[in-house]
Amino acid sequence: MTERLVVVGSLNMDLSVTVPRLPAPGETVSGADVVRGAGGKGANQAVAAARLGARVRMVGLLGEDAFGVELRARLTAEGVDDSAVATLPGAASGLAMIVVQRDGENTITLSPGANGRLDVRALESLTPGPLVGPGDTLLLQLEVPLRTVLAAAGAARAAGALTVLNAAPLPGPGPSTAELLRAVDVLVVNETEATGLLGPVADADAAEPDWPGRAERLRELGPTTVVITLGAAGAIAVGPSGRHRQPAFPVEAVDTVGAGDAFCAQLSVALGTGRPLPEALRRACAAGALAATRPGAQDALPVRAEVDALLAGHRR
Ligand code: RIB
């Protein structure tokens, strides 16, 4: 049996500390008590999609430690199928050290642990049957090895599934990145990632970058649809139906960790269930905005009713 939405990706324990301002290199800044929470772009997107109503299967690796036990328990409590999440003997779980400035801005230092060992062979042994089937959605990020992401995208394309790639964190340019862009249907990036994937851009000195133009250029590299998140300016999408822009929903951001994950999950759930691109974009912006209003990653992810309520209160 195949699943509706499959995530191949990372699971991390997040250790977060809130500070008055982010430290400069070489500087020490005192902050509040450390808060521990379930995270990892893969697991965040899996949990977000489940909260938004999808039937979700996660594929990934945990370490043989207390964090791994906690992260798995969180997945199952959220209704995510963890049967393709293995515990790697002797390995440490992925760990993210997060520093959050009071206005919500953050920095993340990642120790991939077991996530870094999700190679193509591990992927094949975790999913002996078909990874996805026709009509399913595969949601990918780049916190596990690029070759594995590429193999998963190839399998999804062969099966006739929709493949969504959140190209974060961005790897250095290389042949695998180019190959990956050719293998996915929908690409989701932020401003930095969009610029990093394109390399030098003609409008580099413009006061307002031509984001739809950059999205068109990214489409030429392979994806049918390109979505660029623009923080407080909302998001744009360019696809077969044309160019679309969605302003941000006005919310009070306290912690933007996980906001991008909520966005990607909602976009994937909406597109995977046949909603038109402008509507999927609007729902994704609402989900991302809601996630930014609460601290933490998985703890902050909204449920479908919250997204519906936010949308109902705004005409655009
Ligand atoms: O996207 C947010 C996530 O990035 C955090 O949960 C952290 O684990 C890092 O992977």
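Label-to-label distance, Thr76 versus Asp33, with points set 7 angstrom from Cα along the beta-carbon direction: 2.8 nm.
A DSSP coil position with no more than 15 other Cβ atoms inside 10 Å describes the following GluC sites (Glu not before Pro) in the range 79-156: Glu105. By its C-alpha gyration tensor, with a ≥ b ≥ c as the square roots of the eigenvalues, how is the range 64-191 shaped: rounded for a/c under 1.5, else prolate for a/b larger than b/c, else oblate? Since a/c reaches 1.5 but b/c is at least a/b, the shape of the range 64-191 is classed as oblate.
Summarising the label geometry, the points placed 7 Å from Cα in the beta-carbon direction at Ala312 and Val69 lie 4.2 nm from one another.
Membrane-span-like helices in the chain, defined here as complete DSSP H runs extending at least 30 Å along the helix axis by their C-alpha atoms with mean Kyte-Doolittle hydropathy no lower than 1.6, are absent; this is a sequence and geometry rule, not a statement about a membrane.
The spread of Cα positions in the chain, taken along each principal axis and listed from longest to shortest, comes to 51, 51, 41 Å.
Once you have a ≥ b ≥ c as the square roots of the Cα gyration tensor eigenvalues for the range 167-208, tell me rounded if a/c is under 1.5, and otherwise prolate or oblate according to whether a/b is larger than b/c. Prolate, since a/c reaches 1.5 and a/b exceeds b/c.
Here the range 34-141 is assigned +1 on the Cβ of each Lys and Arg and -1 on the Cβ of each Asp and Glu. Its dipole about the Cα centre then comes out at about 120 debye. For the range 238-316, what class follows from the C-alpha gyration tensor (a ≥ b ≥ c being the square roots of its eigenvalues): rounded when a/c is under 1.5, otherwise prolate if a/b is larger than b/c, else oblate? Cα axes put the range 238-316 in the prolate bin. When the Cα centres of the range 231-262 and the range 161-225 are compared, how far apart do they sit, in Å? The distance from the Cα centre of the range 231-262 to that of the range 161-225 comes to 16 Å. Over the chain, DSSP H runs of length four or greater, each weighted -39,500 (n - 2.57), average out per residue to a 222 nm ellipticity of -10500 deg cm²/dmol. Among DSSP bridges having both ends in the chain, what percentage is antiparallel? Round to the nearest 5. Here the share of antiparallel DSSP bridges comes out near 35 percent.
Each of Ala286, Ser241, Val269 was scored by the projection of its Cα onto the charge dipole of the range 213-290, and the greatest displacement toward the positive side belongs to Ser241; charges sit on the C-beta of Lys, Arg, Asp and Glu. Can you give me the Cα centroid spacing of the range 273-290 and the range 91-117 in angstrom? For the range 273-290 versus the range 91-117, the Cα centre distance is 27 Å. Counting 0.36 nm for each residue step from Met97 to Thr273 and taking away their Cα separation leaves a gain of 59.9 nm.
The magnitude of the dipole of the chain, with charges of +1 and -1 set on the Cβ of Lys/Arg and Asp/Glu and taken from the Cα centre, is near 740 debye. Building the convex hull from the alpha-carbon atoms of the range 1-151 and averaging its projection over directions returns 10.1 nm².
Values quoted throughout were computed directly from the atomic coordinates according to the rules given, and no laboratory measurement underlies them. All of these numbers come straight from a predicted model, not from anything done at the bench. No Cβ is skipped: glycine too gets one built from the backbone with ideal geometry, and neighbour counts run over all protein chains shown.
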